[in-house]
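Every number here is computed from the coordinates shown, using simple stated rules; none is lab data. Keep in mind that this is a model prediction, so the values were computed, not measured. Neighbour counts are summed over all protein chains in view; Cβ atoms, including those assigned to glycine, are modelled from backbone coordinates with ideal geometry.
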């Protein structure tokens, strides 16, 4: 158990990293840093017919849980709200690894996998969670925009997924070429990938207003 009473990362049979275990991390600060650097998660759910689906969602970390929302009209979100088991993943792609062989060529990445079932948030907890999600994805925006109406609130499901059962895996650095390939006369190494925000582009009505300072200050 960690100081906050949660199991160590990757310590359950379902989350133990078996392929390249040296790339696993049991540091929850590393887990939090990866989640705080991402913007989109992918959430798995299986319908009543046994068909699996993967849903992309914007999210926010709130302490030891992940918050995300979807439509009450979505049968898949209703399934998650009813307690269906799920797997949530976040992956940050940091670069392409160019080895001297096709087999060893790969990617540098930081990834998180979370297993569990979601909890539905209602009332003040729901309102707070929506603010947390907005503040994470669109820092500074909440104070400027209209708040959800009763109709919009009723159409929105807000879910929380505990980070209790999770694993972290990281791949970084240069290729691991086989000894017999190291002397091949070709370039090898890695090519970093960086995510950046572009110049804000207003819609027709928005062109009459300056770009908010909080938007101009966003960086990746």
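What residue among 77, 136, 209 has the largest mean-square fluctuation in a Gaussian network model of the chain, using Cα springs under 10 Å?
Evaluated over the chain, the most mobile residue of the options is 209.
Quick one: order 180, 164 by neighbouring beta-carbon count within 10 Å, fewest to most. Mind dumping the intermediate values first?
Numbers: 180 9, 164 15.
The order, fewest Cβ neighbours first, is 180, 164.
Report the Cα centroid-to-centroid distance between the range 24-62 and the range 112-134 in angstrom, as an integer.
Measuring centre to centre over Cα atoms gives 13 Å.
By how many degrees, 0 to 90 and rounded to 10, does the Cα axis of helix 123-137 deviate from the longest principal axis of the chain?
Roughly 50 degrees, rounded to the nearest 10.
Contour minus end-to-end for residue 103 and residue 33, with contour as 0.36 nm per residue of separation and end-to-end as the Cα-Cα distance?
Working: separation 70, 0.36 × 70 = 25.20 nm, distance 3.03 nm.
Full extension of this stretch gives 22.2 nm more.
Convex hull over the alpha-carbon atoms of the range 120-220: what's its volume per residue in Å³? All intermediate terms of the calculation are to be shown ahead of the outcome.
Numbers: hull volume 20.7 nm³, N = 101.
Dividing the Cα hull volume of the range 120-220 by its residues yields 205 Å³.
Please compute the contact order of the range 21-216 in relative form: average sequence separation of alpha-carbon pairs under 8 Å and at least six residues apart, divided by the residue count, as a percent. Walk me through the numbers before you get to the answer.
Values: 332 pairs, mean separation 51.1, N = 196.
Answer for the range 21-216 is 26 percent.
Could you tell me the calculated FRET efficiency between residue 178 and residue 16, based on Cβ-Cβ distance and R0 = 30 angstrom, to the nearest 0.05? Don't skip to the end; give the middle numbers.
On the way: r = 27 Å, r/R0 = 0.91.
Efficiency for this residue pair is about 0.65.
Arranged by the count of other C-beta atoms within 10 angstrom, fewest first, what order do 19, 131 take?
Details: 19 7, 131 13.
Ordered by Cβ neighbours within 10 Å, fewest first: 19, 131.
Counting residues in the range 19-114 as N, plug N into 2.2 N^0.38 Å and put the Cα Rg over that result.
On the way: Rg = 16.0 Å, N = 96, 2.2 N^0.38 = 12.5 Å.
Normalised Cα radius of gyration, the range 19-114: 1.29.
Using only DSSP helix segments of four residues or longer, with each worth -39500 (n - 2.57), what per-residue ellipticity at 222 nm results for the chain after dividing by its residue count and rounding to 500? Present the calculation step by step, with values, prior to reporting the outcome.
Numbers: 5 runs with 41 residues, N = 220.
Value at 222 nm, helices only: -5000 deg cm²/dmol.
As I understand it, the value is the acute angle between the Cα axis of helix 28-37 and the longest principal axis of the Cα atoms of the chain; what does it come to in degrees, rounded to 10?
70 degrees
Can you list, bin by bin at 10 Å, the percent of alpha carbon pairs in the chain, starting at 0?
Result, from short to long distances: 7, 26, 29, 23, 11, 3, 0 percent.
Relative contact order of the range 74-125, please, whole-number percent, based on alpha carbon pairs below 8 angstrom and at least 6 residues apart.
On the way: 64 pairs, mean separation 21.4, N = 52.
Reported relative contact order: 41 percent.
Taking the Cα atoms of the range 78-140, report the difference between the largest and smallest coordinate on each principal axis, in whole Å and largest first.
57, 34, 14
With a 10 Å Cβ neighbour count serving as the proxy for reagent exposure, in which order, fewest first, do 109, 53 appear? Intermediate values should be presented prior to the final figure.
Working: 109 18, 53 12.
Placing the least packed residue first, the sequence is 53, 109.
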